[in-house]
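Below is one structure; the comments refer to it alone.
The values are calculated or read from the model by the stated rules, or taken from the named source; none is laboratory data. Everything numeric in this text was worked out from a predicted model, so none of it was measured. In this analysis, Cβ positions are derived from the backbone assuming ideal geometry, glycine residues included, and neighbour counts consider all displayed protein chains.
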């Protein structure tokens, strides 16, 4: 089954404790992206990647890091999480020439205390 | 930067038609897309417009006017399952989304 998976689905952590949210897709897509979704603000892009070893900042990259060492994986790293990073996070992927038809993962609900 | 506006909420009756407007101001433009998001779920792709005009896909249609910075999503023959949030997004690899329009369909 074609899918985008994210882990964990739910996470409660404390300020300053490094964490990684994994994202993996099995569709051989070149393009992958991370978003956060907050009430009243909609989806905001954090980082995106157009292929292995190619990453770029989205609209809200501060406090986040990503890496793209393999085509299928695009982890999101929070080196020192803060309460304002409490949010719902989505990973998405698509073929590069159809970047608009993004397949979204199920989401990760993160709470930083 | 990007500025994308859509109404926050809309309510309509089953079987009716609803039009969700989206206006945008962008530093560049490479396309406008619409996504549907049911409560508690991930967004799913609905439509894509890069040229002016109407794109029809079953009960859903999307219109674009690049000169006016304007798009709309038209939902016809509304069904209860169409109750969801509809997200307008613009541009290319660096995507910007509107805050979304929550549509409630009443019986």
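Miscellaneous remarks
- Just one residue in the set A:49, A:67 is over 24 Å from residue B:44 (Cα atoms) and out of contact with any helix residue (DSSP H, G or I) (no Cβ under 7 Å at 6 or more places or on another chain); that residue is A:67.
- Residue match in the stretch A:58-66 (condition: more than 21 Å from residue B:90 (Cβ to Cβ) and without any contact (Cβ under 8 Å) to a residue 12 or more places away in the chain): yes
- Every condition in (1) over 16 Å from residue B:98 (Cβ atoms); (2) within 14 Å of another protein chain (Cβ to nearest Cβ); (3) assigned to a strand (DSSP E or B); (4) in contact (Cβ under 8 Å) with a residue 12 or more places away in the chain holds for residue B:55 except the one numbered (4).
- Some residue of the stretch B:27-35 being modelled with pLDDT of 95 or more and either closer than 27 Å to residue A:108 by Cβ or within 14 Å of the chain's Cα centre (by Cα) (or both): yes
- Where strands (runs of 3 or more DSSP E) fall entirely within the stretch A:25-113, those with at least 1 residues that are within 22 Å of residue A:2 (Cβ to Cβ) and away from every other protein chain (no Cβ under 14 Å) are at A:76-78.
- Residues satisfying the stated conditions in the stretch B:9-26, i.e. at pLDDT 95 or above and part of a loop (DSSP other than H, G, I, E, B): B:14, B:15, B:16, B:17
- Test for residue A:13: is it over 10 Å from the mean Cα position of the chain (by Cα), under 30 Å from residue B:7 (Cα atoms) and more than 14 Å from chain B (Cβ to nearest Cβ): no
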